[in-house]
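The structure under discussion appears below in the form of structure tokens.
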Amino acid sequence: MMTEQNEQQPALRLFTAISVPREIKEPLAELMKRLQAGSVFTGAHPVWVRPEDAHVTLVFLGWQAEDTIGRVKRAMASAVLNQPPFVLSLGGLNLFPSPRSPRVICLNIRRDKDALACLYQRLTDACAAEGFTVDSRAFHSHLTLARIKSMRGIAGLRDLVKAHVSWSSKSFTVDRVTLYKSDLHPDGARYEVVAEEILAGNSGG
């Protein structure tokens, strides 16, 4: 985790991510509606992400002072320089990190995972160059649908996930990195866009 907080200033909970376009969020919302309806009969109580907030987290910055936003934006601009847009798709509903001891219900990333990993590494290196302490754990790309706070009803939840494992999305183009701030609420986090950087590619424009 990255931690750098100036206690003299209001703190923001920040992370960088790939946002999911509306044409993907709509079928994703339908999937989540079916999963939520099915989970009622399992006894499990996952905390669901709002479909409109769907994203693929890249670098979680944690609590940061407001005056660090400029440094994060510089890191983002550096990371996207000469990085062309690429294509992703979602599929393979699963329990992460394992069905036996899951923390989240999520979708795997398909298509150009190498390009996503490259962007993650560039962004991680750029954040380190700006003085942030970088998480050294391996990057496991996924899109979180719900967070699991208890093992209650987990057997039924496993069956529910298996029943939807074949779900997949259409492909979509990743053309930007988004900086979000996260506000924590009892029923889950709310996200607000702070800044975006467009993948510059090699066009020289």
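The values are calculated or read from the model by the stated rules, or taken from the named source; none is laboratory data. Bear in mind the structure is a predicted one, so any value in this text is a computation, not a measurement. With ideal geometry, Cβ positions are generated from the backbone for all residues, glycine too; neighbour counts draw on all protein chains shown.
For the condition surrounded by fewer than 14 Cβ atoms within 10 Å (Cβ to Cβ) and at pLDDT below 90, residue 111 does not qualify.
Scanning for something among the small types (Gly, Ala, Ser), surrounded by 15 or more Cβ atoms within 10 Å (Cβ to Cβ) and under 19 Å from residue 141 (Cβ atoms), does segment 34-56 turn up at least one residue?
Going through segment 34-56, the residues among the small types (Gly, Ala, Ser) turn out to be 37-39, 43-44, 54.
When the remaining residues are screened for being surrounded by 15 or more Cβ atoms within 10 Å (Cβ to Cβ), the result is 38-39, 44, 54.
Next cut, under 19 Å from residue 141 (Cβ atoms) only: 54.
Yes - at least one qualifying residue is present in segment 34-56.
Being in contact with a Lys or Arg (Cβ under 6 Å, 6 or more places away or on another chain) and at pLDDT 90 or above is the requirement here; does residue 88 meet it?
Working: in contact with a Lys or Arg (Cβ under 6 Å, 6 or more places away or on another chain): yes; at pLDDT 90 or above: yes.
The answer is yes for residue 88.
If a residue has to be exposed (fewer than 13 other Cβ atoms within 10 Å of the Cβ) and either over 17 Å from residue 163 (Cβ atoms) or in contact with a His (Cβ under 7 Å, 6 or more places away or on another chain) (or both) to count, how many in segment 23-33 make the cut? Before the answer, list the steps.
Going residue by residue through segment 23-33, those that are exposed (fewer than 13 other Cβ atoms within 10 Å of the Cβ) are 23, 26, 30, 33.
Next, only the ones that are either over 17 Å from residue 163 (Cβ atoms) or in contact with a His (Cβ under 7 Å, 6 or more places away or on another chain) (or both) stay: 23, 26.
Residues flagged as exposed (fewer than 13 other Cβ atoms within 10 Å of the Cβ) and either over 17 Å from residue 163 (Cβ atoms) or in contact with a His (Cβ under 7 Å, 6 or more places away or on another chain) (or both) within segment 23-33 amount to 2.
With respect to residue 160, determine if the residue is buried (at least 17 other Cβ atoms within 10 Å of the Cβ), under 17 Å from the mean Cα position of the chain (by Cα) and either under 17 Å from residue 62 (Cβ atoms) or at pLDDT 95 or above (or both).
Working: buried (at least 17 other Cβ atoms within 10 Å of the Cβ): yes; under 17 Å from the mean Cα position of the chain (by Cα): no; either under 17 Å from residue 62 (Cβ atoms) or at pLDDT 95 or above (or both): yes.
No.
Of 95, 119, 123, 88, all but one fail to be under 27 Å from residue 44 (Cβ atoms) and surrounded by 15 or more Cβ atoms within 10 Å (Cβ to Cβ); the exception is 95. Condition first: under 19 Å from the mean Cα position of the chain (by Cα), crowded, with 16+ Cβ neighbours inside 10 Å, at pLDDT below 95 and not β-branched (Val, Ile, Thr). Can you find one or more residues in segment 147-156 that meet it? Checking segment 147-156: at least one residue is under 19 Å from the mean Cα position of the chain (by Cα), crowded, with 16+ Cβ neighbours inside 10 Å, at pLDDT below 95 and not β-branched (Val, Ile, Thr). Taken together, the criteria place residue 2 among residues that are in a loop (DSSP other than H, G, I, E, B) and either surrounded by 13 or more Cβ atoms within 10 Å (Cβ to Cβ) or at pLDDT 95 or above (or both).
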